[in-house]
Amino acid sequence: MAASSSGIVAGLTAAALATVGYLAHQAAQTLPAGLGRAAHAGAAPAAGTSKAPQVRKDPTALPGDSGKGARVVYSLRGDRVWLVAGDEAVSRTFKVDPSAVDPAPGRYSVTSRSNAVTGSDGVPVEHVVRFASVDGVVIGFSAAVDGSTAPALDPKVRTGGIRESRADGDAMWTFATIGRTVVVVR
């Protein structure tokens, strides 16, 4: 009896595997184009797509939508600044720590500068370059005298200081004189 029980189990298992295989084949035949394994393995790419691997964009590359001429470019998403000369050469790029209040993307001009003041977060700062105002909050670049870069962001306090290192602050101070264009991009 043991031999016949194992034969029945083996037969049922084989039938179950055959049924699952058949159903899987049917399901694969009814998939919409572009879905499933066949679309990725061995199939030709869809029209307008490239077989080349995707290349990550260089985060230090100057954004294409940043205007022309001598300007400061500030990327909100990248938390990065570029100092761009009139010949479109980037003289310096660096990371910054954003303020609690962001300016809207657009074109601005440097409106005022201060060599040394106390920031809206209470930290002594130098080389303040202001270029925008949002609902009464003045937005500008600055460097903390103590060398710290990240402003202490209190969610209850609306601050506009975009912090940079002291070395980057020196470069900004030299480059971003009154009237210099500042372009803010996403």
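Tabulated data
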quantity: Answer residue from region 86-110, given it is over 17 Å from the mean Cα position of the chain (by Cα) and open to solvent by less than 30 Å² (accessible area, probe 1.4 Å) and is nearest to Phe175 (Cα to Cα) among those; calculated: Val110
quantity: Selection status of Thr111, of a type in the set (S, T, N, Q) and at pLDDT below 90; calculated: no
quantity: Region 160-186, residues that are surrounded by fewer than 22 Cβ atoms within 10 Å (Cβ to Cβ), within 17 Å of Val123 (Cβ to Cβ) and touching a Gly at 6+ places or on another chain (Cβ under 8 Å); calculated: Ser165, Arg166
quantity: Evaluation of Asp146 against (1) of a type in the set (Asp, Glu); (2) open to solvent by less than 60 Å² (accessible area, probe 1.4 Å); (3) in a loop (DSSP other than H, G, I, E, B) (one fails), failing number; calculated: (2)
quantity: One residue from Leu83, Leu76 being closer than 18 Å to Phe131 by Cβ, modelled with pLDDT of 50 or more, of a type outside the set (Phe, Trp, Tyr) and in contact with a helix residue (DSSP H, G or I) (Cβ under 7 Å, 6 or more places away or on another chain); calculated: Leu83
quantity: Yes/no for Lys57 being surrounded by 10 or more Cβ atoms within 10 Å (Cβ to Cβ) and free of Cβ contacts under 8 Å to residues at least 40 places away in the same chain; calculated: no
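Conditions (1) assigned to a loop (DSSP other than H, G, I, E, B); (2) at pLDDT below 55, marked per residue:
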{"position": "Ala28", "(1), (2)": "no, yes"}
{"position": "Leu35", "(1), (2)": "yes, yes"}
{"position": "Ala46", "(1), (2)": "yes, yes"}
{"position": "Thr49", "(1), (2)": "yes, yes"}
{"position": "Ala52", "(1), (2)": "yes, yes"}
{"position": "Gly64", "(1), (2)": "yes, no"}
{"position": "Gly67", "(1), (2)": "yes, no"}
{"position": "Gly122", "(1), (2)": "yes, no"}
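Results for (1) within 25 Å of Gly106 (Cβ to Cβ); (2) touching a residue at least 60 places away in the same chain (Cβ under 8 Å); (3) among the aromatic types (Phe, Trp, Tyr), shown as yes or no for each residue.
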| position | (1), (2), (3) |
| --- | --- |
| Arg130 | yes, no, no |
| Val134 | yes, no, no |
| Gly140 | yes, no, no |
| Asp146 | no, no, no |
| Pro155 | no, no, no |
| Thr159 | yes, yes, no |
| Arg163 | yes, yes, no |
| Arg166 | no, no, no |
| Ala171 | yes, yes, no |
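The values are calculated or read from the model by the stated rules, or taken from the named source; none is laboratory data. As the structure is a prediction and not an experimental result, all values here were calculated from the model. Neighbour counts run over all protein chains shown; Cβ positions are idealised from the backbone, glycine included. Ligands, DNA and RNA are excluded from the accessible area calculation, which covers all protein heavy atoms including side chains. Shrake-Rupley method; radii C 1.70, N 1.55, O 1.52, S 1.80 Å.
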